[in-house]
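Here's the structure, in structure tokens; my notes come after.
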Amino acid sequence: MKNKMKLIIMMIFSVALLTGCGAKSPTDVVKSYFSELKKGDNAEVTEYLLESMEDEVDGEESKEEDPEMEEAMKDLMSKLDAKVVSEEINEDKAEVKVELSGVNYSKIMLEAIQESFASVFSGVEMTEEEMNTMLLEKIKSGKVEERTGIVNLTMVDKQWKIETDEELMGLVLGRADAEGNSGF
């Protein structure tokens, strides 16, 4: 499960590297970023999604894909909707405030881990397969929530690039706190 989370994070980071082509404004780059996340049609995003679905067998990654997990992750990303609220540019730095609606993946992961621990304390240890099934069900039935955050960008080689920071991760994946907001 740790590998899946790492690969999802890598997927999100990789999209930031692919945005910012041409003379796009910071707002255009952010809109493109969220559009690519939502569609899942970006080749690198698809690659990371598929890698995140791999099962672990004896500590080695298997090349078998889990179609249910792949479907759940696509469903998770397809529920993302972002609206740019404002843009502020200061020389080679920019901040784009975004209102986003999406499933809170961080909260779902926390709930799944808590339920797993609860089962251990009750004398029943969950297998990785049972944990994955529970996680899949939670993703598929996850409620869309609203959150607001800032996407930071930097001008690199005359192109705006999204900085993959904690703020962005909290915005895209949600936060495990009760509010699900990123501080606004």
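Quick check: anything in segment 121-129 under 24 Å from Glu36 (Cα atoms) and outside any loop (DSSP other than H, G, I, E, B)? No: segment 121-129 contains no residue that is under 24 Å from Glu36 (Cα atoms) and outside any loop (DSSP other than H, G, I, E, B). Screening the candidates Ala94, Ala112 for the property of being surrounded by 13 or more Cβ atoms within 10 Å (Cβ to Cβ), in contact (Cβ under 8 Å) with a residue 24 or more places away in the chain, over 19 Å from Phe34 (Cβ atoms) and not aromatic (Phe, Trp, Tyr) yields one hit, Ala112. Residues in segment 154-163 include none that are in a helix (DSSP H, G or I), touching a Lys or Arg at 6+ places or on another chain (Cβ under 9 Å) and surrounded by 16 or more Cβ atoms within 10 Å (Cβ to Cβ). The residues on offer are Glu70, Glu51, Glu36, and the sole one that is open to solvent by less than 70 Å² (accessible area, probe 1.4 Å), part of a helix (DSSP H, G or I), at pLDDT 70 or above and in contact with a helix residue (DSSP H, G or I) (Cβ under 6 Å, 6 or more places away or on another chain) is Glu36.
One residue stands out in segment 73-116 among those that are assigned to a strand (DSSP E or B) and of a type in the set (Val, Ile, Thr): the one that is farthest from Lys24 (Cα to Cα), namely Val103.
Okay, residues lined up against (1) modelled with pLDDT under 85; (2) of a type in the set (Gly, Ala, Ser); (3) within 19 Å of the chain's Cα centre (by Cα); (4) within 30 Å of Thr27 (Cβ to Cβ):
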residue	(1), (2), (3), (4)
Glu137	no, no, yes, no
Ser141	no, yes, yes, no
Leu153	no, no, yes, yes
Glu167	no, no, yes, yes
Asp177	yes, no, yes, yes
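The values are calculated or read from the model by the stated rules, or taken from the named source; none is laboratory data. Quick caveat, the model's predicted, so the values are computed rather than measured. Positions of Cβ are backbone-derived with ideal geometry, glycine not excepted, and every protein chain shown enters the neighbour counts. Calculation scope for accessible area: heavy atoms of the full protein, side chains included, ligands and nucleic acids excluded. Shrake-Rupley method; radii C 1.70, N 1.55, O 1.52, S 1.80 Å.
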